[in-house]
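So the structure is just underneath, and the comments pick up after that.
The values are calculated or read from the model by the stated rules, or taken from the named source; none is laboratory data. No experiment lies behind these values; they were computed from the predicted model shown. Every residue, glycine among them, receives a Cβ derived from its backbone with ideal geometry; neighbour counts consider all protein chains shown.
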Amino acid sequence: MNQRVFTALLVVGVSMFVFAPFMIAWAPYESTMGLVQKIFYFHVPSWFVMFLAVFICGIASGIYLLKEKPAADRLAVASAELAVLFGLMGLVTGPLWARKAWGVWWQWDARLTLALILEMIFCSYLLLRQYGGPGSEKLAAGLAIFGMANVPFVYISVNMWRTVHPTTNVVPTLGPGMFGAFWWCVGAYLVLFLVMLAARIRLEKQLAQVEELHLALETD
Amino acid sequence: MKSFLRVAWLVMRKDLRVESRSREMLYTTLFFSASCVLVFSFAFVREGRPVEGAAAGILWIAVAFSGTLALARAFERERQHDVLRGLLLAPIDRPAIFVGKLLGIVLLMVVVELVVVPAIALLFRAPFFAHPFLMATLLGTGTIGFAAVGTLFAAMLIRTQSRAVLLPILLYPMTVPVLIAGVGGTVALLQPEANLALAKFWLAMLVFLDVTYLTLALWTFEPVMTE
């Protein structure tokens, strides 16, 4: 991604986030939860982006295992970090909402449990990459593929088991007022994700270049 | 297919033969699992009597902890004398090595369970033997699922730094679904009137998880083991 596209995306992302609170305030109140429901506009996009990041990490890891392309590995580590970050946002906004909506901070129902496991799997991915020493990229790639297999279960868990968490029927049936605000926030989060992903990949590329230069210097 | 199974059998036989000479892994893992159960029997006590319903969880935790220890030890052996490199250099299907090691681990874990289940039944007064066939199937499928992921990760980590702590860190989040299903099924069986339908549901879940994990492990074993 060249500098101009990056800056443009950054400006777009920031503006979308600046405007988002207004869109959320203009959206109608939900019938039973009132004001508390409005955290939905940040909670759901966080998890959407987290799932996207996990898929990207999984697919990039698969490519890295098969083709051994360093670019795929850079993409994998960048999206894994973002998966942990956006997952953390989702895991914080969720309990904040749950405390008001269900009366408890946390429940061991299917979706929450599986989502927490997914987050922990990618935390363990980062730990492996950080502390595993040389050669841990391939091992982490294997781990990421296992982690990616977890995502569909998190998504369908609310439909398969009766849980307290709202089902996946909510988003497709949003009313006109909420529809705009929700998809605006999804767009904002996606732009943010792309910007951070690009920055992180660029950092990883530069680290690789420094490493190469270091080795060249040493072997001369 | 036949040579695949033969290779797996040979790898397992090698492991068993090496183990039979010192019996180190067997004795240490058995003693560890017994110590685990002992610690739990002091931890989960209320007014001097064992806590109701803790037996299922304790069983699966003991299995998981002993399994992790066994996995770490099993692959430590492969590291010494570069045995794993020798195996990888041989003109065989690499997934067959995985299956061979998996069978060895599962066998060790089954032996551990043969000791741990009666011990917990005794200390926590849990009716594990009320539905022996279903209980054994639950334990068996859970063990296979846990061992499948564990064998893959332990093999992956064989040359990694900090592998002793990284194995549990990687293994436990990934095997939580197996533990949830195992404990769920065991709890259903341990109730005064056992809920067989629920136990069978959790058994089906375990079978599904086993198939998923085994398939993924067989796919990823070869690429991650190339150096």
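Here B:Ile169, B:Ile144 are screened, and the one residue that is at pLDDT 90 or above, more than 12 Å from chain A (Cβ to nearest Cβ) and surrounded by 15 or more Cβ atoms within 10 Å (Cβ to Cβ) is B:Ile144. Condition check for A:Gly177 on (1) modelled with pLDDT under 85; (2) within 14 Å of chain B (Cβ to nearest Cβ): one failure, at (2). Among the criteria (1) facing chain B (nearest Cβ under 10 Å); (2) modelled with pLDDT of 90 or more, the one A:Gly133 does not fulfil is (2). Residue count for the stretch B:130-140 under the criterion of being surrounded by fewer than 24 Cβ atoms within 10 Å (Cβ to Cβ) and either under 15 Å from the mean Cα position of the chain (by Cα) or within 14 Å of chain A (Cβ to nearest Cβ) (or both): the result is 3.
Considering only the stretch A:23-35, state which residues are in a helix (DSSP H, G or I) and farther than 16 Å from A:Phe179 by Cβ.
A:Leu35
Restricting attention to the stretch A:43-57, does a residue exist that is in contact (Cβ under 8 Å) with a residue 60 or more places away in the chain and in a loop (DSSP other than H, G, I, E, B)? No - not one qualifying residue is present in the stretch A:43-57.
So that you can scan it fast, the table gives a plain yes or no per residue for (1) in contact (Cβ under 8 Å) with a residue 24 or more places away in the chain; (2) within 18 Å of A:Arg200 (Cα to Cα):
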| site | (1), (2) |
| --- | --- |
| A:Glu81 | yes, yes |
| A:Val92 | no, no |
| A:Pro95 | no, no |
| A:Leu116 | yes, no |
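Working carefully through the options B:Val178, B:Val115, find the one that is closer than 27 Å to B:Val45 by Cα, surrounded by fewer than 21 Cβ atoms within 10 Å (Cβ to Cβ) and either within 14 Å of chain A (Cβ to nearest Cβ) or not basic (Lys, Arg) (or both).
On the way: B:Val178 fails: surrounded by fewer than 21 Cβ atoms within 10 Å (Cβ to Cβ).
Criteria check complete, one pass: B:Val115.
With respect to B:Ala119, determine if the residue is in a helix (DSSP H, G or I) and of a type outside the set (Ser, Thr, Tyr).
On the way: in a helix (DSSP H, G or I): yes; of a type outside the set (Ser, Thr, Tyr): yes.
Judged against the criteria, B:Ala119 is a match.
Number of residues in the stretch B:193-213 that are within 12 Å of another protein chain (Cβ to nearest Cβ) and either in contact (Cβ under 8 Å) with a residue 60 or more places away in the chain or in contact with a Cys (Cβ under 8 Å, 6 or more places away or on another chain) (or both): the value is 2. Only one entry of A:Leu126, A:Leu118 meets the criterion of being farther than 30 Å from A:Met23 by Cβ and either within 14 Å of another protein chain (Cβ to nearest Cβ) or of a type in the set (Gly, Ala, Ser) (or both), and that entry is A:Leu126. Of everything in the stretch A:128-184 that's of a type in the set (S, T, N, Q) and touching a residue at least 12 places away in the same chain (Cβ under 8 Å), which residue is surrounded by the fewest Cβ atoms within 10 Å (Cβ to Cβ)? Taking the candidates together, the pick is A:Thr168.
Among the residues of the stretch A:153-163, is any in contact with a helix residue (DSSP H, G or I) (Cβ under 8 Å, 6 or more places away or on another chain), at pLDDT below 90, β-branched (Val, Ile, Thr) and outside any helix (DSSP H, G or I)? Checked against the condition, which is being in contact with a helix residue (DSSP H, G or I) (Cβ under 8 Å, 6 or more places away or on another chain), at pLDDT below 90, β-branched (Val, Ile, Thr) and outside any helix (DSSP H, G or I), the stretch A:153-163 yields at least one hit.
When each of A:Ala188, A:Ala98 is tested for being more than 10 Å from every other protein chain (Cβ to nearest Cβ), within 30 Å of B:Val176 (Cα to Cα) and either loosely packed, with under 15 Cβ neighbours inside 10 Å or among the small types (Gly, Ala, Ser) (or both), the lone residue that passes is A:Ala98.
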